[in-house]
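Student: A single structure is presented below for examination.
Bear in mind that the values in this text are calculations on the coordinates, not laboratory data. Just so it is clear, the structure is predicted and the values come from calculations on it, not from any experiment. Every residue, glycine as well, gets a Cβ built from its backbone with ideal geometry; the counts of neighbours run over all protein chains shown.
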Amino acid sequence: MNSVSPEKSLQERLFQFLSKVLIPNLIATLCSMKSMVYISSTTATISMIIPQDIVDGRPVPVFFRGRPTIYHIFLSCTLFAFLGSFSSLMVQHKPKVERVFRIYAVASMICALVTLLYATVLRYVAPL
């Protein structure tokens with residue numbers, strides 16, 4: 001009797017790996033980094049367009065009125081998130097470097113969100 005081997009061929013295993021593991025992870029990474037580029041660049045642009053007050057000779061959005069340092073931290077974190085996500089998209093052929101930039105981008109975006117939350121709490125809980 002000739003028994004049929006239940007093992008899959010190399011092509012089938014490779015196709016299964018690509019379709020179930022590699023491609024979804026790649027798409028998720030690309031989509032998250034692209035969306036982070038869009039969100040961070042739009043946030044930085046909008047923060048420069050909204051109405052501003054002059055505090056110590058520098059324009060500060062009305063939301064950050066009286067707290068220019070917090071605004072500058074928020075803007076810096078947003079721009080660092082843009083830099084990290086854009087760099088991550090540019091160096092995809094080097095996975096270790098791409099991972100470092102991705103972590104950098106996510107950490108900067110989280111820092112920007114925490115700064116925004118802090119400014120919101122200061123504005124409504126402890127007004128000037």
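Student: At 7 Å along the Cα-to-beta-carbon direction for both Lys8 and Ile49, put a label point, then send me their distance in nm to one decimal.
Tutor: Output for this residue pair reads 4.8 nm.
Student: In what sequence do His72, His93 fall when counting other Cβ within 10 Å, fewest first?
Tutor: His93, His72
Student: Need the full-extension length gain, Ser35 to Ile110, defined as separation in residues times 0.36 nm minus the C-alpha distance. One decimal, nm.
Tutor: Full extension of this stretch gives 25.6 nm more.
Student: On to the next question. Once you list every other residue whose beta carbon is under 14 Å from the beta carbon of Leu117, what net charge do they have if Lys and Arg are +1 and Asp and Glu are -1?
Tutor: Surrounding charge for Leu117 is +2.
Student: Can you tell me which of 60-66, 94-100 comes out highest on packing, and rank the rest after it, using the mean Cβ neighbours within 10 Å?
Tutor: With the highest mean Cβ count within 10 Å placed first, the list reads 60-66, 94-100.
Student: Per-residue counts of other Cβ atoms within 10 Å, averaged by peptide: what ranking do you get for 37-44, 118-125, highest first?
Tutor: 37-44, 118-125
Student: Rank-order 110-116, 49-55, 75-81 by packing density, defined as the average count of other C-beta atoms within 10 Å over each peptide's residues, highest first.
Tutor: Going from most to least packed, we get 75-81, 110-116, 49-55.
Student: What percentage of all Cα-Cα pairs in segment 83-128 are separated by more than 14 Å?
Tutor: Looking at segment 83-128, the distances longer than 14 Å represent 57 percent of pairs.
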